[in-house]
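Reading through the structure tokens given below for one structure.
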There are 2 protein chains.
Amino acid sequence: MNPVDIRLYGILGPQDTHGRDLAACARAAADGGTTIIQLRDKHSDARILVEEARALKAALAGTGVTLVVNDRVDIALAADLDGVHLGQSDMDPVDARRLLGPDKIIGITLKTESDARALADQPVDYGCIGGVFATTSKDNPAPPIGLAGLAQVAAIARETRPGMPVGAIAGINLANLRSTIGAGADGVAVISALFAHDDIAGAAHGLRQAIDAALAGRGA
Amino acid sequence: MNPVDIRLYGILGPQDTHGRDLAACARAAADGGTTIIQLRDKHSDARILVEEARALKAALAGTGVTLVVNDRVDIALAADLDGVHLGQSDMDPVDARRLLGPDKIIGITLKTESDARALADQPVDYGCIGGVFATTSKDNPAPPIGLAGLAQVAAIARETRPGMPVGAIAGINLANLRSTIGAGADGVAVISALFAHDDIAGAAHGLRQAIDAALAGRGA
């Protein structure tokens, strides 16, 4: 298991920038305390995806922020990113690990208790549980699992893979992140809570402070 | 440059089987004399794509037929296919070659004279020129280039990369393949001319005979 800090997890693609430069948005998020960024672009062709991935990598160089790409192992390899994030219908993590080697980060989306139990056989470095709340950022026809669902899936993930960080995604913002972390998330993945703001770095800073306080409160 | 026989190039995905088993369709095409098959599925998620690729590979084992996948270098790697076929907006062939190594087949779609000139810097093993005629098999908003366009692009491809096979795609069938090969194609890529038939092996056999005759006629 590769160590990865998922406390503040920003998900970003051209659809989230409101016309701003993708790499500049990522850098602002990093400057404000985002710990990991996922390039998520379901619409662009591979040549553009490689360009986006390389631009983000250049923008994040030296920040220590982890950079992964959604779904596409080939893009992660071509741009030499830190890893990939896989949904349950993306490449099997066993195949992805074989292609990426032992040192890359592989994350996986967990939606159900069954997904969390399957972690036992999966060479992944973190999980991200969702959708927790309703969200406008992603087309997600499944009903939200809520805090109770998050707590259940997180508990099984912890039992199955002790020490592996598990985050939470969907509809998380400053107002509900304390309860999200209280329910068992080690970090929160956000899109609009970061990138819908004019001041992305400021938004990141506010979220990160609240996350760290909530994690400290849970640890006490 | 890796040798590849593109005389009869079948393109196949779940959208082309008319409810039949994907692997069985590929095998029937191989049995009838198809020389290369491309898995082309723009809609399925990666986990399904890997399954499809493995099923085709198993079905084609021992036939000598080359198996490539459209666009996705990661799927080619995961299923250890013979290679990939790249459109002009897919991954840059230089990046793809780095990921795939020297022995895999990389093919590329050529639409313009400029695409054909760019072959000089591209580590690809074959080209496929199109769309030659109007087709119902693919959404293709660009107007067909016709036999004259095919001949122009093929001539530049031959000048740029002597000895590299160049095929033709879009709307090709038994009725027009002699003129297609006469215009400079070393092979023809088809979807419905193979897979719209109840007897795929029979359709392949008929096409392959006509292709070989046309190539022999051109060589004489």
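Suppose we filter A:R54, A:R27 for residues that are in contact with a helix residue (DSSP H, G or I) (Cβ under 6 Å, 6 or more places away or on another chain) and either at pLDDT below 95 or open to solvent by 30 Å² or more (accessible area, probe 1.4 Å) (or both); which single one remains? Spell out how you get there, then give the answer.
Numbers: A:R54 fails: in contact with a helix residue (DSSP H, G or I) (Cβ under 6 Å, 6 or more places away or on another chain).
None of the others qualify; the one that does is A:R27.
Out of segment A:173-189, which residues are over 18 Å from A:K111 (Cβ atoms), out of contact with any strand residue (DSSP E or B) (no Cβ under 6 Å at 6 or more places or on another chain) and among the aliphatic types (A, V, I, L, M)? Before the answer, list the steps.
First pass over segment A:173-189, keeping only residues over 18 Å from A:K111 (Cβ atoms): A:173-179, A:181-182.
Still in the list and also out of contact with any strand residue (DSSP E or B) (no Cβ under 6 Å at 6 or more places or on another chain): A:173-176, A:178-179, A:181-182.
Hits for segment A:173-189 are A:L174, A:A175, A:I181.
Conditions first: (1) more than 16 Å from the chain's Cα centre (by Cα); (2) within 21 Å of A:G107 (Cβ to Cβ); (3) crowded, with 18+ Cβ neighbours inside 10 Å. A:A210 passes all but one, so which condition is the exception?
Among (1) more than 16 Å from the chain's Cα centre (by Cα); (2) within 21 Å of A:G107 (Cβ to Cβ); (3) crowded, with 18+ Cβ neighbours inside 10 Å, A:A210 violates only (2).
Which members of segment A:57-70 meet the condition of being over 15 Å from A:D103 (Cα atoms) and crowded, with 24+ Cβ neighbours inside 10 Å? Can you show your working first?
Of segment A:57-70, the ones over 15 Å from A:D103 (Cα atoms) are A:57-65, A:69-70.
Across segment A:57-70, the qualifying residue is only A:V69.
Within segment B:71-80, can one find any residue that is in contact (Cβ under 8 Å) with a residue 40 or more places away in the chain and of a type outside the set (A, V, I, L, M)? Break it down stepwise before answering.
Filtering segment B:71-80 for residues in contact (Cβ under 8 Å) with a residue 40 or more places away in the chain gives none.
No, every residue in segment B:71-80 fails to be in contact (Cβ under 8 Å) with a residue 40 or more places away in the chain and of a type outside the set (A, V, I, L, M).
Can you confirm whether B:D82 is at pLDDT 95 or above, over 15 Å from B:T35 (Cα atoms) and either touching a strand residue (DSSP E or B) at 6+ places or on another chain (Cβ under 8 Å) or open to solvent by 30 Å² or more (accessible area, probe 1.4 Å) (or both)?
On the way: at pLDDT 95 or above: yes; over 15 Å from B:T35 (Cα atoms): no; either touching a strand residue (DSSP E or B) at 6+ places or on another chain (Cβ under 8 Å) or open to solvent by 30 Å² or more (accessible area, probe 1.4 Å) (or both): yes.
Criteria not met by B:D82.
Considering (1) open to solvent by 20 Å² or more (accessible area, probe 1.4 Å); (2) without any contact (Cβ under 8 Å) to a residue 60 or more places away in the chain, say which one A:G127 fails and leave the rest.
For A:G127, the exception is condition (1).
Within segment A:148-165, is there a residue that is within 18 Å of A:T35 (Cα to Cα) and assigned to a strand (DSSP E or B)?
Within segment A:148-165, none of the residues are within 18 Å of A:T35 (Cα to Cα) and assigned to a strand (DSSP E or B).
With a cut-off of at least 1 residues that are closer than 21 Å to A:F195 by Cα, within 14 Å of another protein chain (Cβ to nearest Cβ) and not polar (S, T, N, Q), name the helices (runs of 4 or more DSSP H) lying wholly within segment A:1-115.
A:46-60
Suppose the filter is of a type in the set (D, E, K, R) and open to solvent by 10 Å² or more (accessible area, probe 1.4 Å); does A:D186 pass it?
Numbers: of a type in the set (D, E, K, R): yes; open to solvent by 10 Å² or more (accessible area, probe 1.4 Å): yes.
When the stated conditions are applied, A:D186 passes them.
Where residues in segment A:130-143 are open to solvent by 40 Å² or more (accessible area, probe 1.4 Å) and touching a Ser or Thr at 6+ places or on another chain (Cβ under 9 Å), which of them is modelled with the lowest pLDDT?
A:S137
Among all residue pairs at least 6 apart or on different chains, which show Cβ distances below 6 Å where the first residue, located in segment A:184-203, is more than 16 Å from A:G19 (Cβ to Cβ) and the second is aromatic (F, W, Y)?
That search, which allows pairs on different chains as well, returns A:G187/A:Y9; A:A189/A:Y9.
Would you mind stating whether A:A116 is open to solvent by 10 Å² or more (accessible area, probe 1.4 Å), in contact (Cβ under 8 Å) with a residue 40 or more places away in the chain, out of contact with any His (no Cβ under 9 Å at 6 or more places or on another chain) and within 24 Å of A:E159 (Cα to Cα)? Give the steps one after another, and end with the answer.
Working: open to solvent by 10 Å² or more (accessible area, probe 1.4 Å): no; in contact (Cβ under 8 Å) with a residue 40 or more places away in the chain: yes; out of contact with any His (no Cβ under 9 Å at 6 or more places or on another chain): yes; within 24 Å of A:E159 (Cα to Cα): yes.
Against the criterion (open to solvent by 10 Å² or more (accessible area, probe 1.4 Å), in contact (Cβ under 8 Å) with a residue 40 or more places away in the chain, out of contact with any His (no Cβ under 9 Å at 6 or more places or on another chain) and within 24 Å of A:E159 (Cα to Cα)), A:A116 does not qualify.
Here are A:L12, A:L22, A:L49, A:L99: which of them is closer than 28 Å to B:R97 by Cβ and surrounded by 22 or more Cβ atoms within 10 Å (Cβ to Cβ)?
On the way: A:L12 fails: closer than 28 Å to B:R97 by Cβ; A:L22 fails: surrounded by 22 or more Cβ atoms within 10 Å (Cβ to Cβ); A:L99 fails: surrounded by 22 or more Cβ atoms within 10 Å (Cβ to Cβ).
After ruling out the rest, the residue left standing is A:L49.
Could you check how many residues of segment B:17-68 are farther than 18 Å from B:G167 by Cβ, touching a strand residue (DSSP E or B) at 6+ places or on another chain (Cβ under 7 Å) and charged (D, E, K, R)?
The qualifying residues number 2.
The values are calculated or read from the model by the stated rules, or taken from the named source; none is laboratory data. All figures in this text were calculated on a predicted structure; none of them were measured in a lab. We place every Cβ from the backbone using ideal geometry, glycine too, and count neighbours over all the protein chains shown. Quick note on the areas: whole protein, heavy atoms, side chains included, nothing else; ligands and nucleic acids left out. Shrake-Rupley method; radii C 1.70, N 1.55, O 1.52, S 1.80 Å.
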